[in-house]
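Worksheet: the structure to be examined is printed underneath.
The values are calculated or read from the model by the stated rules, or taken from the named source; none is laboratory data. Because the structure is a prediction, the values reported are computed rather than measured. Neighbour counts run over all protein chains shown; Cβ positions are idealised from the backbone, glycine included.
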Amino acid sequence: MAVVYVKKRDGSLEELGRTEVIMNCLDPTWIEKINVAYQFEIVQQLVFHVYDVDTRYHNLPVKIVTRQSRSLTIKLHNKNGHAGLKNLGTITVHAEETIASRNAVEIKFRCSHLDNKDLFSKSDPFLRISRIVESGGSVPICKTEVVNNNLNPIWKPLTLTMQQFGSKDNPLIIECFDFNSSGNHVLIGKLQKSVEDLEKLHNEKMGANFILPPSRYRAHEKVLKGQLFVDGFYEKKLYRFLDYISSGFELNFMVAVDFTASNGNPRSRDSLHYVDPTGRLNAYQQAIMEVGEVIQFYDSDRRFPAWGFGGRTYDGSVSHCFNLNGSASGFEVEGIEGIMAAYASALHNVVLAGPTLFGQVINTAAEIAGRSLSSNNKKYFVLLIITDGVLTDLQETKDALVRASDLPLSVLIVGVGGADFQQMEILDADNGQRLESSTGKIATRDIVQFVPMREVHGGQISIVQALLEELPGQFVMYMQSRDIKPLAANAAPLAPPGQGHPYPVDKSSEDRISHEVSADIVRFGSN
Amino acid sequence: MATTSRALEVTVISGEGLRLDRRRPVKKNAFAVVRTNSRISRTTKTDIDGGSYPTWNEKIVVDFPSQARFLTVEVHCKTYSGEKIVGTARIPATDFAGGYFPDNYLHFLSYRLREDGKGERNGIINLSVRVKVPENRVSATMCSGGAVPWMGGPLAVEGCSSGVVTGVPVWHRYKY
């Protein structure tokens with residue numbers, strides 16, 4: 001029998017599932033599949049224990065999903081962590097994303113002859129779609145926008161995922177309400193249709209009449225004149241982040257470190273740049289390690305551009321984008337350890353100065369992302385900026401971000417130390433305010449994610465999780481807006497490009513991506 | 001053969017937050033006009049009920065002369081008292097041509113609309129622009145080495161006879 005555990009941050013193991021027991025066999029192939037929820041922002045270390053009656057064999061942590069063949073064969077160790085002289089065999093794990101979640105339909109609804117519920121004007125109708133649950137009640141799954149003052153409204157297309165509606169023959173309740181700003185929306189009419197029924201309505205170009213349910217004035221339901229039409233019915237596949245990754249797309253990691261004087265002299269213990277001889281990591285090192293640790297798995301060549309800004313380099317002038325490795329020619333380092341080494345040596349060679357400006361670093365990263373487009377469009381770039389301070393020129397940064405917003409690039413900003421990072425929140429446009437440059441250009445998409453380090457320490461969620469949560473969503477939105485599909489996918493097309501801006505007015509997309517991945521323990525070989 | 005103009009595929013996608021006379025939101029009948037210079041312009045269909053958030057999703061192909069520095073997009077609204085200009089955006093050519101982007105890149109762009117009179121802000125226009133690269137032309141390439149490519153990325157070197165420069169590039173590279 002095999003048991004799958006996930007190794008938590010404190011080292012403890014939590015069981016995720018177990019296979020059935022196969023008796024008397026040295027090469028068992030188990031049938032039982034184990035479902036694991038995939039979370040991009042954490043390195044999920046899976047530990048596989050294979051049990052026999054007396055002895056126990058287990059393996060060390062492994063990351064499967066980024067491998068192309070989705071299958072991994074690993075050697076087993078005994079519980080002390082090494083195989084020793086005995087050949088304890090291998091375990092082969094095959095991981096696959098469960099398919100159900102990818103199908104979606106895009107429906108364009110229209111109504112005619114709706115009843116008027118407003119006194120001095122016409123109704124402001126919107127639709128609400130709910131799914132009937134086993135207990136008999138209904139759970140709303142989505143709603144359209146409100147169309148003002150219109151008894152024959154046409155709404156923008158609505159996307160329903162299979163996860164939301166279950167299956168095509170599942171009955172859905174569609175209610176049409178008159179919007180009231182008090183929140184007391186008045187029901188105009190309702191009807192019950194499955195997704196399959198809606199498809200039929202579309203094909204036959206017929207309308208379905210709304211019904212008013214029985215009330216205290218009326219014992220039976222009333223069929224209304226108002227009708228629902230399905231003007232557009234479009235099946236599509238919503239590709240998920242993992243679809244792209246497993247077909248060869250990759251994330252390229254880049255780092256920029258703040259060398260302004262506000263950090264404090266690195267030799268002093270209270271400096272944010274203090275390198276503790278006992279090995280305790282400072283805030284900068286921690287951020288680099290934690291974020292890099294996750295993203296490095298998605299970067300095939302592990303060569304990371306690394307820069308510093310705000311420091312005075314060997315030639316005496318202050319630079320806002322100097323190579324962290326001190327080299328005059330190349331800005332890349334090898335691996336996370338390369339970044340850490342370059343950072344440590346830069347602390348010796350660079351004098352902290354100022355002011356705090358991000359513009360140049362962002363422009364350089366943007367140029368790298370832009371240039372890579374000529375060779376292929378399978379790379380997505382992630383720039384991590386670690387800073388302790390308040391920006392000197394917010395507009396310069398906004399300008400650089402707006403220019404970069406149409407590129408395959410996301411900017412993650414970590415704020416260390418105790419400064420007031422309020423202006424950083426402006427850059428991370430989660431409140432819906434799109435960034436505007438000084439020339440009137442507006443950001444195509446929100447590519448910034450900002451997290452102050454002090455907010456997450458002591459909390460359950462790690463800094464990495466907070467920063468990386470939005471990343472798969474930003475990645476997928478970029479790809480979808482350009483109709484870039486995962487390779488080797490012979491699938492239904494995405495919605496036609498140009499329909500809808502990548503930065504939609506109503507952000508109804510899910511930011512948090514979590515998938516179901518089933519780990520299928522295929523073979524236990526004795527060699 | 002030197003190219004004197006390029007075809008631009010402009011998809012006018014939508015508008016946001018449009019107002020009339022600085023106060024009232026636009027209720028309906030908004031449309032957009034795409035201009036390359038004062039003579040050439042193309043118009044989208046009118047969005048009858050989109051209100052102050054109209055959606056057009058209309059693709060327009062315009063000829064963009066090489067000397068032109070801006071693409072102008074105006075949003076108009078048909079009202080009872082006639083047609084009014086809601087706002088204008090001037091898009092510098094460098095935002096979609098030149099620089100390190102590959103040819104044929106689909107640029108998604110958004111701009112602040114400003115009223116003509118006092119230049120007050122009035123909404124946002126969302127669009128996409130793609131420079132159409134002509135397929136069967138012999139590109140004006142640099143056959144002698146060492147020259148800097150002017151559209152970023154390697155140019156297609158088709159039918160280039162060695163040793164002779166065959167064309168005169170007409171786009172300047174603007175560094176922003």
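Tell me yes or no: at least one residue of the stretch A:193-204 is of a type in the set (S, T, N, Q), in the same structural domain as A:Gly232 (by the TED database) and over 35 Å from the mean Cα position of the chain (by Cα). Taking every residue of the stretch A:193-204 in turn, at least one turns out to be of a type in the set (S, T, N, Q), in the same structural domain as A:Gly232 (by the TED database) and over 35 Å from the mean Cα position of the chain (by Cα). Of all residues in the stretch A:154-167, those satisfying the criterion of being at pLDDT below 85 and part of a loop (DSSP other than H, G, I, E, B) are A:Lys156, A:Pro157, A:Gly166, A:Ser167. A:Glu367 fulfils the conditions (1) surrounded by fewer than 17 Cβ atoms within 10 Å (Cβ to Cβ); (2) away from chain B (no Cβ under 14 Å) except for a single criterion, (2). Close contacts from the stretch A:140-151, counting a first residue that is touching a residue at least 24 places away in the same chain (Cβ under 8 Å) and more than 10 Å from A:Cys111 (Cβ to Cβ) and a second that is buried (at least 17 other Cβ atoms within 10 Å of the Cβ) and β-branched (Val, Ile, Thr), with Cβ to Cβ under 7 Å and a gap of 6+ residues or different chains, come to A:Ile141/A:Ile129; A:Cys142/A:Ile129.
The set of residues from the stretch B:15-50 being surrounded by 19 or more Cβ atoms within 10 Å (Cβ to Cβ), in contact with a Leu (Cβ under 9 Å, 6 or more places away or on another chain) and farther than 23 Å from A:Ser481 by Cα comprises B:Leu18, B:Val26, B:Ala30, B:Arg35, B:Thr36. Of all residues being within 21 Å of B:Lys45 (Cα to Cα) and in contact (Cβ under 8 Å) with a residue 60 or more places away in the chain in the stretch B:65-107, which is farthest from the other protein chains (Cβ to nearest Cβ)? Just the residue, please. If we take residues in the stretch B:65-107 being within 21 Å of B:Lys45 (Cα to Cα) and in contact (Cβ under 8 Å) with a residue 60 or more places away in the chain, then B:Lys84 is farthest from the other protein chains (Cβ to nearest Cβ).
If I filter the stretch A:287-306 for residues that are farther than 26 Å from A:Asp270 by Cβ, in a helix (DSSP H, G or I) and among the aromatic types (Phe, Trp, Tyr), do I get at least one hit? Yes; the residues of the stretch A:287-306 include at least one that is farther than 26 Å from A:Asp270 by Cβ, in a helix (DSSP H, G or I) and among the aromatic types (Phe, Trp, Tyr).
So, of the residues in the stretch A:375-400 that are under 22 Å from A:Gly264 (Cβ atoms) and of a type in the set (S, T, N, Q), which turns out to be modelled with the lowest pLDDT? In this case the residue turns out to be A:Thr392. Out of A:Phe229, A:Phe210, one residue alone is within 35 Å of the chain's Cα centre (by Cα) and part of a strand (DSSP E or B). It is A:Phe229. Scanning the stretch A:21-47 for residues that are in a loop (DSSP other than H, G, I, E, B), among the polar types (S, T, N, Q) and modelled with pLDDT of 70 or more returns a single hit, A:Gln44.
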